[in-house]
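Values in this text are rule-based calculations from the coordinates and carry no lab data. Only a predicted model underlies this, so the values are computations on that prediction, with no experimental measurement involved. Cβ sites come from the backbone with ideal geometry, for glycine too, and all protein chains shown count toward neighbours.
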Amino acid sequence: MRLGVVIGLISFFSILTGPLAAQPIGGKWTLQDCIDYAIDHNIQIQRRALTTEMRENALKQAKLSRIPSFNIGSNYSYSSGRVLDETTYNFTNNSVNFLGFNAGGSMSLFSGLQKANLVKQSKYQLLASLEDLERAKKDISLNIALAYLQILLDRELLEVAQRQLEVTQEQIGRTRTLVEAGSLPRGNLLEVEAQAATEATTVVSRRNALDLAYLSLAQLLDLDSLEGFEIVIPEIEAPDSMYQLPSVGEVFSDALNVMPGIRGAGYRLKSSEMALKVARGAKSPRVSLNGSFNTSFSDNRKKILGLDPGGGLLYEPYPFGEQLADNRNWMVGLGLTIPIFNGWQVQQQVNNARLGIQDARLQLESEKQALFKEIQQAWADARAAKNRYLAMKKSVSSLEESFRYTSQKFNVGLVTSIDYNTAKAQLAKAQSDLLAAKYEFVFKINVLNFYRGKPFVQNIKF
């Protein structure tokens with residue numbers, strides 16, 4: 001089912017919700033309790049949340065990529081055999097232990113604004129992912145809301161069936177009295193008793209339907225047991241006959257600003273536009289700043305003291321600290337890279353980015369078209385539901401009056417039990433249809449209200 005149905009159901013029951021989180025099994029659950037519990041335990045929602053977290057990490061990484069990079073390191077080597085003596089730059093056969101230290105960093109000064117645009121692209125991707133998460137929550141809430149609504153409807157249908165059975169049982173007592181007095185034949189009593197048996201079967205069927213509705217909701221919540229599981233039962237009132245539906249245009253205009261699917265598609269379009277700027281940035285020259293520091297120690301190196309009497313050089317061991325200080329060297333430099341030819345890779349990336357923008361625009365238009373069709377259908381359904389509810393309301397009123405008249409005539413033997421049972425069955429069916437029409441009417445108008453981002457119309461009361 002489409003998103004509009006999901007959000008409509010959630011809006012329909014929004015007044016039922018309280019500030020409490022999902023309650024433990026054994027307490028009464030509001031619809032929001034059920035939805036919160038399902039969202040907290042649903043695997044698909046958890047996966048969507050992980051995707052959103054990954055988008056958040058991608059945005060953080062894009063921001064951090066703009067700061068300079070800095071690394072330190074060291075290396076050690078042991079050499080033996082014919083080794084270069086760094087003191088005399090002659091080869092020697094001594095073994096050498098060498099230890100070096102280095103530090104270096106670099107910073108991009110200009111790269112065609114790629115990093116800045118990448119940050120914007122990552123931000124829009126995160127916003128789109130958040131909208132996807134919101135949409136997924138509403139989607140997973142659909143079956144929960146439908147099951148909740150079904151429980152409310154089945155409960156009222158059960159009450160109607162029980163009331164009909166009670167009326168018939170009362171009629172059995174009156175008919176038995178008339179039969180014993182000789183005013184009615186015994187066949188009338190048998191017919192009324194048969195009707196009571198049929199209605200008792202209907203009560204059992206309605207009770208089974210209610211139990212199955214509870215089971216469906218419990219399964220959607222992944223509850224281990226139905227023991228003590230019960231939902232909050234509110235009073236639902238349908239709007240009066242003067243209620244006017246908003247136009248399709250009004251609903252659609254408001255919906256464009258509040259629907260997660262539309263917002264998500266809009267963010268993806270902006271993300272694709274940033275992707276094009278990132279791709280174009282690869283054509284720009286790049287300027288970077290680099291720096292490094294190095295020092296080293298070798299146990300084969302000797303410190304020169306001076307000249308001996310014979311004119312030769314005098315050496316002594318070169319201390320570790322002094323050698324590190326004397327071997328220091330620094331480097332600072334600027335780097336410039338100008339793209340000339342790279343196998344048309346950059347141009348192909350630019351072309352693909354343009355195609356990505358076109359696809360994102362088409363996706364946004366597709367979402368808008370789908371939303372408009374949903375609203376059209378929801379408006380038509382709401383109008384039909386209103387007309388059906390008003391018609392059923394009149395029908396029930398007429399049938400109730402007709403049934404009272406038929407009951408009076410039956411009590412004095414002016415009509416047969418067949419006429420009585422027929423009138424009673426017609427009334428029972430009309431009452432059941434009226435209940436279904438009432439729930440449908442309230443539900444449909446709340447679908448339209450939620451599309452507009454407006455609150456519930458206050459037809460549900462505790």
(message) Per q in 0.09 Å⁻¹, report the Debye log10 I(q)/I(0) for the chain, using one uniform scatterer on each alpha carbon and no solvent.
(response) -0.84
(request) Could you work out how far helix 114-180 tilts from the main Cα principal axis of the chain, as a 0 to 90 degree angle to the nearest 10? (result) 20
(request) Quote the Stokes-Einstein diffusion coefficient, in whole µm² s⁻¹, for the stretch 191-243, based on the Kirkwood radius over alpha carbon pairs, a temperature of 37 °C and a viscosity of 0.692 mPa s. (result) 229
(request) Would you calculate, for the chain, the mean residue ellipticity at 222 nm contributed by helices, counting each DSSP H stretch of 4 or more residues as -39,500 (n - 2.57) and dividing by all residues, to the nearest 500? (result) -22000 deg cm²/dmol
(request) Pick out, from Ala255, Gln244, Ala378, the residue whose Cα sits farthest towards the positive end of the charge dipole of the stretch 242-396, with +1 on the Cβ of Lys and Arg and -1 on the Cβ of Asp and Glu. (result) Gln244
(message) Treating only the Cα positions of the stretch 260-320 as identical point scatterers, give the base-10 log of I(q)/I(0) from the Debye formula at each q in 0.17, 0.21 Å⁻¹.
(response) -0.82, -0.92
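For the stretch 51-132, what is the convex hull (Cα atoms) projected area averaged across all directions, in square nanometres? If you can, show how the numbers build up before the last one.
Working: hull surface 36.7 nm².
Hull-based average projected area comes out at 9.2 nm².
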(request) First obtain the Kirkwood hydrodynamic radius of the stretch 100-179 from its Cα pairs, then insert it into the Stokes-Einstein equation at 20 °C and 1.002 mPa s, and state the resulting D in µm² per second as a whole number. (result) 106
(request) Normalising by the residue count of the stretch 3-461, find the relative contact order in percent from Cα pairs under 8 Å and 6+ residues apart. (result) 25
(request) Return, for the Cα atoms of the stretch 218-339, the radius of gyration and Dmax in Å, separated by a comma. (result) 39.4, 124
(request) Please give the helix 260-281 orientation as an angle from the longest Cα principal axis of the chain, in degrees from 0 to 90, rounded to the nearest 10. (result) 20
(message) Quick query: amide H of Lys303 versus all other amide H atoms, modeled in the peptide plane; which residues come in under 5 Å with a sequence gap of 5 or more or a different chain?
(response) Glu316, Tyr318
(request) Specify the angular offset, from 0 to 90 degrees and rounded to the nearest 10, of the alpha carbon long axis of helix 3-12 from the longest principal axis of the alpha carbons in the chain. (result) 60
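List Met331, Met54 from most exposed to least, where exposure is judged by having the fewest other Cβ atoms within 10 Å. Present the calculation step by step, with values, prior to reporting the outcome.
Numbers: Met331 10, Met54 13.
Taking fewest neighbouring Cβ atoms as first place, the list is Met331, Met54.
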(message) Can you bin every Cα-Cα distance in the stretch 150-240 into 10 Å intervals starting at zero and give me the percent of pairs per bin, rounded to whole numbers?
(response) 16, 30, 24, 18, 10, 2, 0
(request) May I ask you to sort Trp330, Trp29 by Cβ crowding, counting other Cβ atoms within 10 Å and putting the fewest first? (result) Trp330, Trp29
(request) Could you work out how far the C-alpha centroid of the stretch 127-194 sits from that of the stretch 362-392, in angstrom? (result) 29
